[in-house]
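The values are calculated or read from the model by the stated rules, or taken from the named source; none is laboratory data. All figures in this text were calculated on a predicted structure; none of them were measured in a lab. Backbone-built Cβ (ideal geometry, glycine too); neighbour counts: all protein chains shown.
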């Protein structure tokens, strides 16, 4: 049968929302994307396993048959493959940080306390040149 052999994908808003739901604030997220071309699905899966990104689900199958991997490679190559025969992969690296609330932590400024309006931002920026 067919089963997932990689971990589920997580989107940045999911992580930000999770951090906020468990009590963190001033959550900051950043994302890097790295593109790599692989000669075959075998090298791609080897790298995924080396990064610990193969499937971590408890109810997963422990083996992946060679025939299944070759069939997946043919489909992937047909749909996304490069002209030179390589298989493209994009890795998204997510960085995030959040802070637990503390009385010493600065809060937002009071509404209306700003010295400059956002509608005048172009004037402010042009005077700083």
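Residue 48 passes every criterion in (1) modelled with pLDDT of 85 or more; (2) over 20 Å from the mean Cα position of the chain (by Cα) apart from (2). Each residue in segment 66-92 was checked for being loosely packed, with under 10 Cβ neighbours inside 10 Å and in contact with a strand residue (DSSP E or B) (Cβ under 7 Å, 6 or more places away or on another chain), and 1 pass. For segment 105-124, the criterion of a residue being touching a residue at least 24 places away in the same chain (Cβ under 8 Å) and closer than 25 Å to residue 26 by Cβ is satisfied by at least one position.
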